[in-house]
């Protein structure tokens, strides 16, 4: 019994660490790739670790109230918490965690928990830019959640389960990844992912020159550092979720890295060649093609 | 004596006593308010089973008994009612006409109890109307500005009530009885015309109180303009009477199973209500109005849940109804506390009260998290069940609409918290103190309740499942204390979820708070990075105006659709028609004589028709 | 393993990280700001040294004074500098920060930046080309690695002197106190 | 002396003419004597009502000549109920007007003479078994009503009275015409006798007579479009007289109409759909007009018309349930509308225009009166648990039994309008700030007592409706049972 708990804890720690390290490297890689696309050398791939250490080593002489202090913690809950309910590998030793205790609808909600907490933290700083950034972010969320949910509903209808592990298993049983079984759902979800990752053209939330980085404009040092790490974990979470839902999961870490990184490249490269949408343009974008694909996906799941 | 009657009597006697006591002393009045508010709570939860009570008046048999579904709503009535009354003591301090206020408050509580215990249609209708006018009198409590709002409310309520009355007399004619049960049994045997007519009338009647889509127009104004102490009950519980009625009618009459179109139309109306009310909630600048629209939206979910009518969606609907009662009561209490302490509820004026009213903020945050349906609080359970049931019963586009409104609900949820508690501090509100203890107690009570229901929804699901198995005609509805299972057999474990969320949160919160704790200190929110320009004391950079302008722009077509304009045109038309009829009475004696002569001439001309009838 | 040694190791790691992760406040104060885009973009690519822009002083490590400072701008610069969190560095950029440069006789620009803010490193030239800018940054990195970039400490210790200088040129001093 | 129905007519008539004489003795006697008379009549009501419960219909022949030949008074449960109602409210109105404006001064003689005459007339209409006699009493009622309308002797009052007179004379013309035609056909004036001989009349003639009666009595019963007189008369007459109009004059008209329809013609033989149609139209138009009124008493007048429309429609249903509902509404309306008139009068006591806008903030100045008015408004709008609700429910059930869904919906829609304008007034009284300076007059003790008595009665009916429903049920049976009435009066 006691051993179980230790094993569980160990699993949690290893998963989190894995997510953190992978996420950080992905972010480093994204900077590197962006630089290469722009014909630059770019920072080393471990640059984000250095940034993180530096940020954690910086003083935080001031805060604007306890909600600001807790804001990044909410973000972490959402990132680490979601990770706990997603099967990282198909049949891993440590990485099942609490997959059986949650399901995908629950995840949808847990994933916005962080944004709301973070928004509260940003709100308390009193910087108008933070609040403006938050409103943009939330508005954009209303946009991309719809195709994303449509894709998920399509999957649920197709596999008659809401449990992610079972969706995975269903894919294995049929031998077809759901991105081929229901391509429309995958397209809708992928287009929604552009908004979810907040690369351009959907990066108006923290537009540096206009909003002074928006919600985080008052947060330096440990706040920014914690947020960065949570972003890293969260990016990994989203990628693993996509891989699980649409690409049949991964049997080992190498496969996982290949699949997630491949997926990660899509919003990244799409963003590199795109300018920035205004918020309402972004929302309209999501209610255009992505939603149409979502509808087709649902109809496809129902009638096919 | 019968315990149901005693509860009823406590409320109605409380109404009279409190009015009388107000003439003598304020302390006595408050004591009576608390006593008459808390006594039914004690009575209700200490009595294991209620006996029925029957008597005869005016040729009608009245039959009172507390059904198992009504039990849930009655629990809500006594708990939220008592909390609102305790809250009201502090909140209403210093206002005039308190005897009048409390009298109507108790009358509405008593009438709600009466509605829930009525097993016959006549007493149901009687209590329904008492509820309507007593709540009306509180809606207009705040003076002449509320005149039009009150009239809108009473107009729609009267329309709804009379629709119900029509249905009741038709039932009486058809079945020769005014008992709910006889009606339920006889309904299947009625002709389809009557089935249709009676169901539509009932749904119309209940839909008004439940603020269903075309009938919701009164709700936002009425909720936001009554005193907040009452709105906690008004929006939290009174609107649930409509839900209760809808639940009875939709499920017991098997409208859902036998009349597919019916359930679809109502479910879609609920969903559209939710969506439209949500997008209107997030452009409000008054927090009371924001909450009022949010209430309408939440009622939309509940209606959808009930109308879809599978076991799980019904459970979700009732669960949400109870939970909405709890968190919306808490939120309206927060609004009341802010109104009382800061003197305004305008989000364009309010600034950063979080450090002034931390406990109020915690209440607001917990209630908002519950409202937004974010785990691990109670609201999530209802949302989860609703989605799972909608997907499970193949309402896949309905679920998208619901999901849209629930996502958009984050927007107003954030705006509520930000608008009151966050942002830049302002001298004007430097004096604001935390709400008085008597207001905090009920608020914190709800906070605890919401946290507990998040992990152990079985507290509510148990009675709901019981009601569904015994009386609502569902079979074998299962429930567990902290496990939810959907139609596919997948389950989520709320205790695990809560543990993880809490543990992770605490770990990182401790990390953030403890790290560099000594070197960190608080600075005012005027001390912000602002391109090097210090914020002067007389300036304030709080962001409140046009908060969701991007959203408004993106959703511009939806905002163009205004129900109130349609109703405005109708009412203008009616008023001019009334003016025309008034003109018929010209005041000229000759005209009147013409009328008389015209009348008799016409009748004589058509007398052949009269013979041959 | 005593405290002193472990502290040393930690310091080395910290300084290494600081050295390779310089967030520059994107705050163009003077005409020299025009050189910054060139420094950051493809041709000279400062990011390979870990130098990148930061939007607000809360997140930034380096304050780059790009050229002349009018007294009006100085006020904002001081405020911005004070809002940055320790450790923080100032780079004086171009001749104007050293001696006023071509504005040596102007009535409303300051001549010697070091009188008002603790400059860690100067970059000579008018304008200094991106190569020079990068060299300046590398110089700063060396200082950091050696633990010698202590401008902030100097500022804190000699705050009165700096304040007196600042108040001398800024007549309407309405700023909050520097208190961290 | 044996107590008999004739007292209802004879004693007030006698006292009415005695008043000027008595006034010579002492001025106050002119005010006290009517009260004593009405009190006695109430006693008579109690006595006869108990008696009629025991022994059935009391038919009294005047001057020893039996029915068809002589004039007879019929005290049935129906007429007894209405007569008791009228005398009861008459007494309360007397109590109320004991100290009222001009009534306190010399005018009291005229006022009470006319009041007693009016009550005599109304009682007579209801009690008499003779159609011509009914016409005569109707004239007495009407003429005293004209005079009371013009009681204040100012311009508007005179105008209103003149309009009333104009249309009232049309009413008497048509009534008389109808009676003439009827007499020519059947050769008798006794209603029971006519009823038994109605078969002899050709159907064309029957319809003509019916239409003439309908017009004649419809004018008194405020049926649209014959009710042009009513709003003006209610508005210009002294306040308490409004209550008398609503409870006596109109009730007499409606009773007469119902008698004609149910007894003279027999329900099945007369074209009664017209009653339902006209009733609903009356109600709708009246309530719609009331919504836009600016004067309080005018609004109450329209509301009164609306209620009468409901009553006419209920009679038109023709079933026992319908008649029962109609009578129940009549009772409730008489009581509640009286309360509204009595309390409303004090709220616009000194006002020239008597605008509703002047009621703003009235609850602060006259809390009791305002509360009573609000109570009355709730009750008449049919809000449960007050008495108006019970009668409305019975009406709806009666309509539903006849499968008249459209009627139900119409009535309820119109009631919604009624609810709205009453609540508008309540809002003004309680929640508005006064816009203009007004002089207030607190109700005198006697006025308060009479209002409280009315309130108590209404509350009693609200919570113990069974106590009155027995009487109303008997009355309804009486009206529907045509053969029984004929047999009893003609001693068959």
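No lab work stands behind these numbers, since they all come straight from the coordinates. Computed from a prediction, not measured in an experiment: that's the story for all the values here. Every residue, glycine as well, gets a Cβ built from its backbone with ideal geometry; the counts of neighbours run over all protein chains shown.
Structural remarks
- Relative contact order (percent, whole number), chain B, Cα cutoff 8 Å, 6+ residue spacing: 12 percent
- Acute angle (nearest 10 degrees) that the helix B:68-91 long axis makes with the longest principal axis of chain B, alpha-carbon atoms: 60 degrees
- The calculated pair-distance distribution of segment D:346-409 uses every alpha carbon pair, bins of 10 angstrom beginning at 0, and gives 20, 31, 23, 19, 8 percent.
- Beta bridges by DSSP in the protein assembly as shown, antiparallel share as percent, to the nearest 5: 55 percent
- GNM on chain A, alpha-carbon springs under 10 angstrom: the most fluctuating residue among A:45, A:53, A:204 is A:53.
- Legend: ranking of residues A:231, C:20 from fewest to most surrounding C-beta atoms inside 10 Å; resulting order A:231, C:20.
- Between helix B:3-24 and chain B: long-axis angle, C-alpha atoms, 0 to 90°, nearest 10: 80 degrees
- For segment C:1-76: rounded, prolate or oblate by the Cα gyration tensor [a/c cutoff 1.5]: oblate
- Principal axis dimensions, largest first and in whole angstrom, of chain C by Cα: 58, 41, 25
- If you model segment D:1-140 as an ellipsoid using its alpha carbon gyration tensor, with each semi-axis the square root of five times an eigenvalue, the axes come out at 28, 16, 12 Å, biggest first.
- Cβ-Cβ FRET estimate between residue C:172 and residue B:563, R0 fixed at 60 Å, reported to 0.05: 0.60
- Likely footprinting exposure, D:59, A:78, fewest C-beta neighbours within 10 Å first: D:59, A:78
- Counting neighbouring Cβ atoms within 10 Å and putting the fewest first, the residues B:90, B:157, B:495 line up as B:495, B:90, B:157.
- Mean-position separation - Cα centroids, segment B:451-529 and segment D:22-54, in angstrom: 77 Å
- Using R0 = 41 Å, the C-beta based FRET efficiency linking residue B:583 and residue D:444 works out to 0.60.
- Approximate spin-label separation residue B:507-residue B:570, in nm, with each point projected 7 Å along Cα-to-Cβ: 5.7 nm
- Binned Cα-Cα distances of the protein assembly as shown, short to long, each 10 Å bin given as a whole percent: 1, 7, 13, 16, 15, 12, 10, 8, 6, 5, 3, 2, 1, 0
- Distance between the pseudo-spin-label points of residue B:541 and residue D:436 (7 Å out from Cα toward the beta carbon): 5.7 nm.
- Alpha-carbon spread of chain B, three principal axes, descending order, Å: 102, 64, 57
- Normalised by 2.2 N^0.38 Å, where N is the number of residues, the alpha-carbon radius of gyration of segment B:562-611 equals 1.83.
- Pairwise Cα distances in segment A:171-282 exceed 19 Å in 54 percent of cases.
- Alpha-carbon centroid distance for the pair segment B:144-168 / segment A:276-304, whole angstrom: 42 Å
- Under the simplified labelling scheme, the residue B:25-residue A:278 pair shows an inter-label distance of 6.6 nm, with each label point 7 Å from Cα along Cα→Cβ.
- Each semi-axis of the equivalent ellipsoid for segment B:1-105 is √(5λ) with λ an eigenvalue of the Cα gyration tensor; in descending order they amount to 28, 17, 11 Å.
- Taking the longest Cα principal axis of chain D as reference, the axis of helix D:367-380 is set at about 40 degrees.
- Cα centroid separation, segment B:98-141 to segment B:313-374 (Å): 25 Å
- With N the number of residues in segment A:2-303, Rg(Cα) / (2.2 N^0.38 Å) evaluates to 0.98.
- By the equivalent-ellipsoid construction on the alpha carbon gyration tensor, segment D:340-492 comes out with semi-axes of 37, 20, 13 Å, ordered largest to smallest.
- With only the Cα atoms considered, segment B:1-241 has a convex hull volume of 122 Å³ per residue.
- Globularity ratio of chain D, using Cα Rg and 2.2 N^0.38 Å: 0.91
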